[in-house]
Every structure is written in C-alpha cells, then in structure tokens.
1. Give segment 68-91 a look and list any residue that's exposed (fewer than 14 other Cβ atoms within 10 Å of the Cβ) and either assigned to a loop (DSSP other than H, G, I, E, B) or under 16 Å from the mean Cα position of the chain (by Cα) (or both), or say none.
2. The conditions are (1) assigned to a helix (DSSP H, G or I); (2) more than 11 Å from the chain's Cα centre (by Cα), and T40 fails exactly one of them. Which is it?
3. Name the single residue, out of those in segment 25-67 being surrounded by 13 or more Cβ atoms within 10 Å (Cβ to Cβ) and charged (D, E, K, R), that is farthest from V11 (Cα to Cα).
4. Residue under question is A14, and the condition is that it be modelled with pLDDT under 85, under 15 Å from K58 (Cα atoms) and not charged (D, E, K, R); does it hold?
5. Restricting to segment 45-67, name every residue that is assigned to a helix (DSSP H, G or I) and either aliphatic (A, V, I, L, M) or over 21 Å from D17 (Cα atoms) (or both).
6. If you check every pair at least six apart or on different chains, which have Cβ atoms under 6 Å apart with a residue in segment 18-35 that is farther than 14 Å from V51 by Cβ first and a residue that is buried (at least 18 other Cβ atoms within 10 Å of the Cβ) and among the aliphatic types (A, V, I, L, M) second?
Amino acid sequence: MPCDTISTIKVNLANADASTLKAAMLGLGLTEGQFTYNKTSWQVTVYGGSVGRAEIVKAYGEAALMTQAKRFGWSVKRQPDGKLLVQKASF
C-alpha cells in the first residue's frame, strides 16, 4: 500500500464505555490520534492502523473483562490456548 494511502475501519460497539475502549485501543498499539469513537452512532473509526474489526471487538471484550475483574476482586489468568480464566476470590 502506498505511504500516502489512508485506510479506515468502522466498527459498531453499542453502548461502549469510552475509557474501556481507549484502554483496548491503546493495548492494540494504536495512539490516541489513530482512532475516534462516536458515542451517538456507536462507531469506532481507526485511521491508518493495521487492526481489523475482530481484533477491536476482542480487545474491547478483554478490556471490559479486566475492568470488571478489578472491580470485583477477581483474578484473571491467560491460558496457553489464549483463553482467559477468571477466578472469584474465595472467602
């Protein structure tokens, strides 16, 4: 792809939390200037990044899980197959 080409991706994330989305996008290696989130249309737009829709949705899901795990005191471990294991603290 020529260096003067700008490719964009649009992903619909209904009711996404902006701070969780930001953490997910930064976790994908994007900078704040490479993506926008329109809260009215629920669309994420990536400018010139090399990430796809599936990667964005997966990263957002993982970031949301990590946020809730921290909130409730759960531990999260990544399994060798890439899945996340969530364990509730025992009392």
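The values are calculated or read from the model by the stated rules, or taken from the named source; none is laboratory data. Not measured: the values here are computed from a predicted model. Here the Cβ positions follow ideal geometry from the backbone for every residue, glycine too, while neighbour counts run over all protein chains shown.
1. The answer is Q68, G73, Q79, P80, D81, G82, K83, L84, K88, A89, S90, F91.
2. Of everything listed in (1) assigned to a helix (DSSP H, G or I); (2) more than 11 Å from the chain's Cα centre (by Cα), T40 misses just condition (1).
3. Ranking the qualifying residues of segment 25-67, first place goes to E62.
4. Criteria met by A14.
5. To start, the set of residues in segment 45-67 that are assigned to a helix (DSSP H, G or I) comprises 53-67.
Within segment 45-67, A54, I56, V57, A59, A63, A64, L65, M66 qualify.
6. From segment 18-35, the pairs are T20/A63; A23/A63.
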